[in-house]
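Worksheet for the structure shown next.
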Amino acid sequence: MALENVILTVENCRYCLMCRHVAPVEKVTHRETLSPHGWALLIASQRRGLIDWNEDTVDAIYSAPDHGNSRVHCVTDQPLPEAIAAVRAEIAEQNLGPPIIYEINEALSTYGTPYATEEPGRISGQGEDALYVGDEAPYLWPRALEAAITLLRAIGVTPVTVGVGRSNGYLASSLGFPGTAARLARANLVDIREAGASRVIVLSPGDAFAFGQLWYERLGIDWPEDVQLVELVTLLDDRLAAGALRFSQARDDRPYAYVDPTHAIRVKDRHDRPRRLVEAVMPGKRVELLYRRERAHPVGSTALQFTKPDIAEKLTRARIEDAVSAGAQVLITEDPGTLYHLSRYAKEYGVEVAGLYELLAAHLARGRL
Ligand code: SF4
């Protein structure tokens, strides 16, 4: 069941400051309007007839990041990001949104992605294990995909690939196009069914969130009960703990930081897993960002990269600056979208960005376990 009357959430948020201290956009813009209670007050005011949707107010609504920090830090679990997505759907429906959202929706409707002008690929075959490829891995950080398949083979899993080049539906939902999001979700489900998969492995917490929560809460589409959904880092960490996976140490003793990727906070109890995997390879000192784990902030890989690229850039730079101030010289994460955005600016700060899956695949210990 999709969340009902979700926009009423703003009545509970409009004068509440309890999640403001972890709100990333207000942190980088210093604008109170661009905070959870600011967006809620704006929406509540529009519904009372006190303001209209115009260029300024719509601009503010499309400045919200939709990465989940408000809800994750809310003791009463107010679905504010879902409320904002529902309001954007009303704005988009009335043709009051910024022109870019209609361009991206057209690309998502035609190609399943805003990152390429080719239609999604076919499933690679049939099998119990499917690897959801999505659109960020092949088009933004293809090395992650190759490395992920190498790692899966190392633990005895030969996956078929599904959802090749097709968005998981998050971006369309976040921009205010739930119909497009639902079509993408259903197309991915058709792939999974045609592949005959009983387990779907995903590369990022963003995919885990989209399939495991966004689909039913925002689109009313249930993940199939007979198909297990699992992150690749979970599979690898379990095998590492069981002694069924080993790595050699990298010849790199620079201090490093694991950067919790965009949407990581939306997936419970995951934060130790990628850190254990990085430590299995990197011998240097691990430092931590201030905004990490349960209070991690996103890079600019959400819909903001299209609607508010200036804010997206500020968010990404803030993550790099957070890591640099902690003493990191290498920034490691697994999410293709997060890797792509970090790598756009990392050189300016004299730091290197490394993909976790590539790092692990390059240091797989050969021979009998
Ligand atoms: S999400 Fe929760 S903590 Fe944040 S403004 Fe709303 S009610 Fe307050």
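The values are calculated or read from the model by the stated rules, or taken from the named source; none is laboratory data. Fair warning: this is a prediction, and the values are worked out from it, not measured in the lab. Using ideal geometry, Cβ is built from the backbone for each residue, glycine included, and neighbour counts are taken over all protein chains shown.
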Subset of the stretch 196-222 [surrounded by fewer than 24 Cβ atoms within 10 Å (Cβ to Cβ), touching a residue at least 12 places away in the same chain (Cβ under 8 Å) and over 18 Å from the mean Cα position of the chain (by Cα)]: G196, S198, R199, G220, I221
Residues that are within 11 Å of the ligand (Cβ to nearest atom) and assigned to a helix (DSSP H, G or I), drawn from the stretch 74-108: L80, P81, E82, A83, I84
Every residue from the stretch 17-35 that is near the ligand (Cβ under 10 Å from one of its atoms), within 15 Å of D66 (Cα to Cα) and either outside any helix (DSSP H, G or I) or within 19 Å of the chain's Cα centre (by Cα) (or both): C19, V22, A23, S35
Qualifying positions in the stretch 329-358 - among the β-branched types (V, I, T) and either surrounded by fewer than 24 Cβ atoms within 10 Å (Cβ to Cβ) or not in a strand (DSSP E or B) (or both): V330, T338, V351, V353
Sole exception among (1) surrounded by 16 or more Cβ atoms within 10 Å (Cβ to Cβ); (2) aliphatic (A, V, I, L, M); (3) more than 22 Å from S301 (Cβ to Cβ) for I61, by number: (3)
R295 vs. criteria under 24 Å from I149 (Cβ atoms) and outside the structural domain of N69 (by TED's automatic domain parsing): no
Among (1) surrounded by fewer than 19 Cβ atoms within 10 Å (Cβ to Cβ); (2) in contact with a strand residue (DSSP E or B) (Cβ under 8 Å, 6 or more places away or on another chain); (3) in the same structural domain as A187 (by TED's automatic domain parsing) - the single one P255 does not satisfy: (3)
Among (1) in a loop (DSSP other than H, G, I, E, B); (2) closer than 17 Å to A172 by Cα; (3) more than 16 Å from the ligand (Cβ to nearest atom), the one test that G121 misses: (2)
